[in-house]
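Asks: Questions regarding the structure given below will be posed in turn.
The values are calculated or read from the model by the stated rules, or taken from the named source; none is laboratory data. Model, not experiment: these values are computed from the prediction. Backbone-built Cβ (ideal geometry, glycine too); neighbour counts: all protein chains shown. Surface areas here come from the heavy atoms of the whole protein model, side chains and all, with no ligands, DNA or RNA. Shrake-Rupley method; radii C 1.70, N 1.55, O 1.52, S 1.80 Å.
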Amino acid sequence: LYVESAFYTVAVQSEPAVMVDLIATLEQQNPKSKYLNQAYGPYLVALEKTGGKAKIPAIAKKALVNFPENEDLLLYMTDTEANNKRTDSALAYANRLTATLSKRAKPEGMPAADWERKRSAALAHGYYTAGIISFEKGVYVAADKNLRAAVPLIQGQPTMLAPALLYLGRANYQLAKMTMNKAKMLEGAKFCEQSMAIPGPLQNDARHDSLVMKDEAARMR
């Protein structure tokens, strides 16, 4: 444990190339070391900086076998799989990420404010990814639940907020049609209007969807 602690302490204070070498050595010596669980966040960043980006997915998947609730690894895999359109895998990682962070206590030694920022940012990615993919798969209840959770966490991030609100509106539209629920139809229109208010390429789609939803709501009892 002393040697592993020394590797970790020196690694996180070193330049990226040295960190990569030390953490890779620690992985070889003891892939279940508790210090690796703390090191993977900065380790992945160091790998990117030293040209090792292509190696990261394999490293992350292998590490998740030993640390299945490591939020840095889960977040990386969530974004990587989503960016590569591997939606089933991305959804599974996103759900694991949000479930993990929903019960995770603040790590020892980390300031509360730093932990809350990290936790909120990771939860935002998890809920957003799960919400968008769930909608695309036609699982509207899950889309509604995840996107509602994402919206408060992505305020001030228009590139995420605009599509989140639009897809939240569309999810409520689909649920309203299934249940003939006028209030939910109008809520869907409201979310689309909020998306429309954010400058960007989705404004016209959001305006169109809002008008359709209001028109259908008007014909409901």
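Asks: I'm told LEU64 meets every condition in (1) hydrophobic (A, V, I, L, M, F, W, C); (2) open to solvent by 60 Å² or more (accessible area, probe 1.4 Å); (3) without any contact (Cβ under 8 Å) to a residue 24 or more places away in the chain except one. Can you identify the failing condition by its number?
Replies: It is condition (2) that LEU64 fails.
Asks: Ok, one more. Just checking, which of ALA92, ALA130 is in contact with a helix residue (DSSP H, G or I) (Cβ under 7 Å, 6 or more places away or on another chain), modelled with pLDDT of 95 or more and among the aliphatic types (A, V, I, L, M)?
Replies: Unique residue meeting the criteria: ALA130.
Asks: Output the qualifying pairs, or none if there are none: Cβ atoms under 7 angstrom, residues six or more apart or on different chains, first residue in segment 13-39 and touching a residue at least 24 places away in the same chain (Cβ under 8 Å), second residue outside any helix (DSSP H, G or I) and open to solvent by 40 Å² or more (accessible area, probe 1.4 Å).
Replies: Close Cβ pairs satisfying both conditions: PRO16/THR50; ALA17/THR50; VAL20/THR50.
Asks: While we're looking at this one, here's another question. Tally up the residues in segment 13-32 that are of a type in the set (Asp, Glu) and either surrounded by fewer than 16 Cβ atoms within 10 Å (Cβ to Cβ) or in contact with a Leu (Cβ under 6 Å, 6 or more places away or on another chain) (or both), please.
Replies: 2
Asks: Where in segment 1-58 are the helices (runs of 4 or more DSSP H), entirely inside, with at least 2 residues that are over 19 Å from GLU71 (Cα atoms) and among the hydrophobic types (A, V, I, L, M, F, W, C)?
Replies: 2-12, 16-29
Asks: Looking at LYS34, LYS118, LYS85, LYS49, which is the one that is on the phi > 0 side of the Ramachandran plot and not acidic (Asp, Glu)?
Replies: LYS85
Asks: Another question, then. Test each condition in (1) assigned to a helix (DSSP H, G or I); (2) within 30 Å of LYS118 (Cα to Cα) for PRO201 and report the one that comes out false.
Replies: With (1) assigned to a helix (DSSP H, G or I); (2) within 30 Å of LYS118 (Cα to Cα) applied to PRO201, the lone miss is (1).
Asks: Kindly indicate the residue of segment 149-200 that is open to solvent by 30 Å² or more (accessible area, probe 1.4 Å) and among the hydroxyl-bearing types (Ser, Thr, Tyr) and also nearest to ILE133 (Cα to Cα) among those meeting that condition.
Replies: Top of the filtered list is TYR167.
Asks: On to the next question. Return only the number of the condition from (1) closer than 19 Å to THR100 by Cβ; (2) of a type in the set (Gly, Ala, Ser); (3) open to solvent by 50 Å² or more (accessible area, probe 1.4 Å) that ALA54 does not satisfy.
Replies: (1)
Asks: For GLU4, state whether it is open to solvent by less than 40 Å² (accessible area, probe 1.4 Å) and either within 17 Å of LEU73 (Cα to Cα) or out of contact with any Cys (no Cβ under 8 Å at 6 or more places or on another chain) (or both).
Replies: Taking the combined requirement at face value, the residue satisfies it.
Asks: Additional query: If a residue counts only when it is among the small types (Gly, Ala, Ser), which helices (runs of 4 or more DSSP H) contained entirely in segment 62-176 have at least 3 such residues?
Replies: Where helices (runs of 4 or more DSSP H) fall fully within segment 62-176 and carry at least 3 residues being among the small types (Gly, Ala, Ser), they are 87-103, 112-136, 140-150.
Asks: Follow-up question, since we're still on this one. Condition (residue is at pLDDT 95 or above, in contact with a helix residue (DSSP H, G or I) (Cβ under 8 Å, 6 or more places away or on another chain) and closer than 24 Å to LYS85 by Cβ) applied to segment 182-196: is it met by at least one residue?
Replies: Yes, segment 182-196 contains at least one residue that is at pLDDT 95 or above, in contact with a helix residue (DSSP H, G or I) (Cβ under 8 Å, 6 or more places away or on another chain) and closer than 24 Å to LYS85 by Cβ.
Asks: In addition: Taking ASP114 as meeting all but one of (1) closer than 20 Å to ASN70 by Cβ; (2) charged (D, E, K, R); (3) open to solvent by less than 50 Å² (accessible area, probe 1.4 Å), write down the number of the exception.
Replies: It is condition (3) that ASP114 fails.
Asks: Continuing with the same structure: Just to be sure before I move on: is THR87 open to solvent by 30 Å² or more (accessible area, probe 1.4 Å), hydroxyl-bearing (Ser, Thr, Tyr) and modelled with pLDDT of 95 or more in the structure I sent?
Replies: Taking the combined requirement at face value, the residue satisfies it.
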